[in-house]
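Below is one structure, written out as structure tokens, with a few remarks after it.
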Amino acid sequence: MKYFNVAGPCIEGDHYMLDATERLHGELVELIDSKQYFVIHAARQTGKTTLLINLANKINKEGKYYAVYNSLEKLYGVVEPEIGMPAAINSFAIALENYQLPHFGQFKENLDMSDYLNAFGLSLSRYCRRLDKPLVIFFDEADCLSEDMLISFLRQLRDGFVNRSIAPFPQSIALVGMRNLRDYKARIRENRETLGTASPFNIIRESLTLRNFTEEEVKKLYQQHTDETGQIFEKSAVELAFEQTQGQPWLVNAIACEITERQLKKDFSIPVTAEMVSEAIQTIILRRDVHIDQLLDKLKEERVQKVIEPMMLGEGGKLDRMSDDFNYVKDLGLIRLDADNKAVVPGNPIYGEVIIRTLTYNQQMTLQSDERFEHYDMPKYYKNDRVDMNLLLQDFQQFWRENSDIWQERYQYREAAPHLILQAFLQRIFNGGGDVQREMATGRDRLDLCITYKGKKYPIEIKINRGAQSVEKGVEQTLRYMNTLGCTEGWLVVFDRSREKSWDEKIHQKTEKPDGKTVHVFGC
């Protein structure tokens, strides 16, 4: 029986899977037929390796070309070409043997490995001369290469490409990884971000991105399970899975795997519901599987912080969408542009949630374990079937006054520290009984929160005081957010980071009632 795969490339016959070539197939065939060299880049675990292996197998079956898939992952961290190039040649020779291509045993024949600046290119040229059909190569994990090893590798491929009219060389080569080629360059020299104009691989025709699943493709994937087992994914479950993952392939599979194998323990008589999808998402977030951990480890990088922090603060003016940093974070899948290509938002709601949880995790643990914070418990704030949000935020004001200086020092994301500390505070109170939903989008100049507790919604806006109009603008934004949620009461928290003002000036509370609705304003 097939299953939803969450580890490694998908294998036909073993896993539920979609044809990855459909997400790029037409473009790839055209590039290969026209003898082009190109780059494919996409975030981790989006199906790149599955695509390459399946495409290589398909090309070999069709018989027009020979195709080879070769991962360069073993060369990670090897910067000296005199060490890395022989290893790369040996790795490619093994790949040829795996595919049982003609003359594979002669690939390294009479090759001088000590001539590491020419050996790989020469061996490829000699091998192509022996073949009766053109050769296509897919180099996976190409962005594992760095420094002089990367330069030498790319220059040998470029030299072979340029001289193809004189000496045989592969018909088409793809470099595949998480990063676009410009980010290979950024890793070549510690004190220099690019190679300038003398690029060692300025021959690429296209730089392609492997897109996520569409909602229809998510439905199609889940339908494979239904066809085999009879277990139905309700329409609302499929819609929620797509909305929360935005079609990110690993997440789509992980949700289905969590439900069918762990929640329901392969009892295929029970339909999969939206409630099950929500539960599975929370489990995946809290469990921090390898996929999520690897991705969120990137949050420690300064270039990632430069993009993520303004997004959390809603400050779009600080983001240069043409910069390498912005495109690097986008390529990682941590961010995307919204449907109107205006706002920068998390790659999907699940990533948005785990970004905040990761950045606030240590503070949440402190709040849970330190006996000084034991009086911040949900029973204190739940009265008459409602959360007393005013009392809760009054307590936060006092907490912020007493602890802000110390707690802000603990954050790498110093500018976003007020937002993160408030969210850690709220998460500690509502853990296990409520839901804290976040909407991050650069350009809004605020962060939207919606706390749901026992079926009731409590919208909260968080802003940094940037001047005299901040509160007035914040009230207007809170009203719009309340209208979106269908609420008549909301809360605005405005942080004043001015060192000239006293705490008595910063800490205040007032209530406004525009248009018959209620907005409570809390200054911090």
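Key figures for this structure:
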{"item": "Residue that is nearest to Glu30 (Cα to Cα) [pool: residues in the stretch 54-80 that are open to solvent by less than 60 Å² (accessible area, probe 1.4 Å), modelled with pLDDT under 95 and not aliphatic (A, V, I, L, M)]", "result": "Asn54"}
{"item": "Residue in the stretch 319-370 that is nearest to Arg438 (Cα to Cα), counting only those that are part of a loop (DSSP other than H, G, I, E, B), touching a residue at least 24 places away in the same chain (Cβ under 8 Å) and not charged (D, E, K, R)", "result": "Asn348"}
{"item": "Answer residue from the stretch 103-155, given it is among the hydroxyl-bearing types (Ser, Thr, Tyr) and within 30 Å of Arg44 (Cβ to Cβ) and is surrounded by the most Cβ atoms within 10 Å (Cβ to Cβ) among those", "result": "Ser152"}
{"item": "Lys463 among the basic types (Lys, Arg), open to solvent by less than 20 Å² (accessible area, probe 1.4 Å) and either more than 16 Å from Asp388 (Cα to Cα) or out of contact with any Cys (no Cβ under 9 Å at 6 or more places or on another chain) (or both)", "result": "yes"}
{"item": "Lone qualifier among Met389, Met311 - being under 15 Å from the mean Cα position of the chain (by Cα) and under 27 Å from Lys506 (Cβ atoms)", "result": "Met311"}
{"item": "Residue in the stretch 39-60 that is in contact with a strand residue (DSSP E or B) (Cβ under 9 Å, 6 or more places away or on another chain) and within 19 Å of Phe120 (Cβ to Cβ) present", "result": "yes"}
{"item": "Members of the stretch 98-118 found to be in contact (Cβ under 8 Å) with a residue 24 or more places away in the chain, closer than 21 Å to Gln171 by Cβ and of a type in the set (A, V, I, L, M, F, W, C), listed by number", "result": "Leu101"}
{"item": "Ile11 under 16 Å from Glu141 (Cβ atoms), over 22 Å from the mean Cα position of the chain (by Cα) and without any contact (Cβ under 8 Å) to a residue 60 or more places away in the chain", "result": "no"}
{"item": "Unmet requirement for Val29, which otherwise passes all of (1) open to solvent by less than 30 Å² (accessible area, probe 1.4 Å); (2) part of a helix (DSSP H, G or I); (3) modelled with pLDDT under 95", "result": "(1)"}
{"item": "Among the candidates Thr260, Thr197, residue that is of a type outside the set (Lys, Arg) and modelled with pLDDT of 95 or more", "result": "Thr260"}
{"item": "Every residue from the stretch 271-298 that is part of a helix (DSSP H, G or I), in contact (Cβ under 8 Å) with a residue 40 or more places away in the chain and under 26 Å from Asn362 (Cβ atoms)", "result": "Ile281, Ile284, Ile285, His291, Ile292, Gln294, Leu295, Leu296"}
{"item": "Subset of the stretch 475-524 [of a type outside the set (D, E, K, R) and either open to solvent by 60 Å² or more (accessible area, probe 1.4 Å) or modelled with pLDDT under 90 (or both)]", "result": "Asn483, Thr484, Gly486, Thr488, Ser498, Trp503, His508, Gln509, Thr511, Pro514, Gly516"}
{"item": "Top-ranked residue of the stretch 200-240 - restricted to ones that are in contact with a Gly (Cβ under 9 Å, 6 or more places away or on another chain) and farther than 30 Å from Ile151 by Cα, ranked as surrounded by the fewest Cβ atoms within 10 Å (Cβ to Cβ)", "result": "Thr214"}
{"item": "Test set (1) outside any loop (DSSP other than H, G, I, E, B); (2) open to solvent by less than 50 Å² (accessible area, probe 1.4 Å); (3) in contact with a strand residue (DSSP E or B) (Cβ under 9 Å, 6 or more places away or on another chain) - Thr21 fails condition number", "result": "(3)"}
{"item": "Leading residue by the ranking (nearest to Gln437 (Cα to Cα)) among those in the stretch 470-524 that are out of contact with any Pro (no Cβ under 7 Å at 6 or more places or on another chain) and small (Gly, Ala, Ser)", "result": "Gly486"}
{"item": "Enumeration of residues in the stretch 88-105 that are part of a helix (DSSP H, G or I) and more than 31 Å from the chain's Cα centre (by Cα)", "result": "Ile89, Asn90, Ala93, Ile94, Leu96, Glu97, Asn98, Tyr99, Phe104, Gly105"}
{"item": "Restricting the stretch 32-53 to residues that are of a type outside the set (D, E, K, R) and surrounded by fewer than 21 Cβ atoms within 10 Å (Cβ to Cβ), the residue that is farthest from the chain's Cα centre (by Cα)", "result": "Ser34"}
{"item": "The stretch 266-278, residues that are touching a helix residue (DSSP H, G or I) at 6+ places or on another chain (Cβ under 7 Å) and open to solvent by 60 Å² or more (accessible area, probe 1.4 Å)", "result": "Lys266"}
{"item": "Filter result for Gln398 (of a type outside the set (D, E, K, R), modelled with pLDDT of 85 or more and farther than 25 Å from Gly455 by Cα)", "result": "yes"}
{"item": "Condition broken by Thr260, with the remaining ones in (1) crowded, with 24+ Cβ neighbours inside 10 Å; (2) touching a Phe, Trp or Tyr at 6+ places or on another chain (Cβ under 6 Å) satisfied", "result": "(2)"}
{"item": "Looking only at the stretch 380-397, and only at residues there that are in contact (Cβ under 8 Å) with a residue 40 or more places away in the chain and under 12 Å from Phe522 (Cβ atoms), the one that is surrounded by the most Cβ atoms within 10 Å (Cβ to Cβ)", "result": "Leu393"}
{"item": "Residues that are within 31 Å of the chain's Cα centre (by Cα) and among the β-branched types (Val, Ile, Thr), drawn from the stretch 438-496", "result": "Thr442, Ile451, Thr452, Ile460, Ile462, Ile464, Thr478, Thr484, Val493, Val494"}
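The values are calculated or read from the model by the stated rules, or taken from the named source; none is laboratory data. None of these values were measured; they are calculated from a predicted model. We place every Cβ from the backbone using ideal geometry, glycine too, and count neighbours over all the protein chains shown. Only protein heavy atoms, including side chains, enter the accessible area calculation; ligands, DNA and RNA are left aside. Shrake-Rupley method; radii C 1.70, N 1.55, O 1.52, S 1.80 Å.
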